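The values are calculated or read from the model by the stated rules, or taken from the named source; none is laboratory data. In this text, all values refer to a predicted model and were calculated from it rather than measured experimentally. Note: ideal-geometry Cβ built from the backbone for every residue, glycine included; neighbour counts use all protein chains shown. Heads up: the accessible areas ignore ligands, DNA and RNA and are worked out on the full protein's heavy atoms, side chains in. Shrake-Rupley method; radii C 1.70, N 1.55, O 1.52, S 1.80 Å.
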Amino acid sequence: MKKNLFVRLPLFGMTLLLSCSGDVEPTVASQYLRPDGTREEQRRQALRELYQFYSTSDKSKVYYEVLAKRNGRFILNYYPTGELLTYCTDPGSGWSGQVTNVSTAQLQRLASLKLLLDSLKGFVQKDSVLKHSQPFIQVRTNGSPSL
C-alpha cells in the first residue's frame with residue numbers, strides 16, 4: 001500500500017503542475033506578444049495584433065485578448081458577442097477603460113488606424129459610433145489587470 005502511494009503521489013504532483021501551465025480561464029483565448037520593439041511600437045500594433053488574432057481564430061472562445069509583458073505592459077481584451085473592447089495600460093492598476101459598439105468591422109477599422117493604445121480613450125470621445133461603457137462590465141481575462 002505504501003509503495004503504491006509513493007508511486008502515485010509524484011504522478012499527482014506532476015499532473016497538478018502541468019495543469020497549471022496553460023491558460024487559467026478556459027473561455028479566453030490569449031496571445032502573449034513577444035517582447036520585441038519599444039513600448040510605443042508594441043502599443044501601436046496592439047489593436048492590429050488583436051484583430052489579426054481574433055480574425056484568424058476558430059471563434060470557439062468567448063473572449064480574445066493580446067497581452068504584452070516587459071516593454072509594452074498591456075492587456076487588450078475583446079468580447080465579440082457583447083461588442084466590448086476592454087483595455088489595461090498598466091497591469092496591476094486595474095482596467096483603464098472599456099469601449100462598446102465594437103463589432104468585428106469596428107475592430108478592423110481601429111486596427112487599420114494604427115492608433116497608439118494610450119490614445120484610444122481620446123479617439124473614442126471623438127468617434128460617432130464607439131462609446132465608453134457605463135457602467136463598466138466585468139470581463140474574463142488570463143491577465144492581471146489588478147492584483
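Collect the residues in the range 128-140 that are open to solvent by 30 Å² or more (accessible area, probe 1.4 Å), in a loop (DSSP other than H, G, I, E, B) and in contact (Cβ under 8 Å) with a residue 24 or more places away in the chain, keeping them in residue-number order.
From the range 128-140, those open to solvent by 30 Å² or more (accessible area, probe 1.4 Å) are 128-129, 131-132, 134-138, 140; that's our starting set.
From what is left, the residues that are in a loop (DSSP other than H, G, I, E, B) are 128-129, 134-138, 140.
Passing the criteria: V129, F136, I137, R140.
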Next item on the list: Collect the residues in the range 27-60 that are within 13 Å of the chain's Cα centre (by Cα) and part of a loop (DSSP other than H, G, I, E, B), keeping them in residue-number order.
Entry: T27, L33
Note to self: Can you go through Q98, Q106, Q125 and tell me which one is open to solvent by 80 Å² or more (accessible area, probe 1.4 Å) and outside any loop (DSSP other than H, G, I, E, B)?
What the structure shows: Q125
Check: Within the range 61-90, how many residues are open to solvent by 10 Å² or more (accessible area, probe 1.4 Å), farther than 14 Å from S146 by Cα and assigned to a loop (DSSP other than H, G, I, E, B)?
Finding: 9
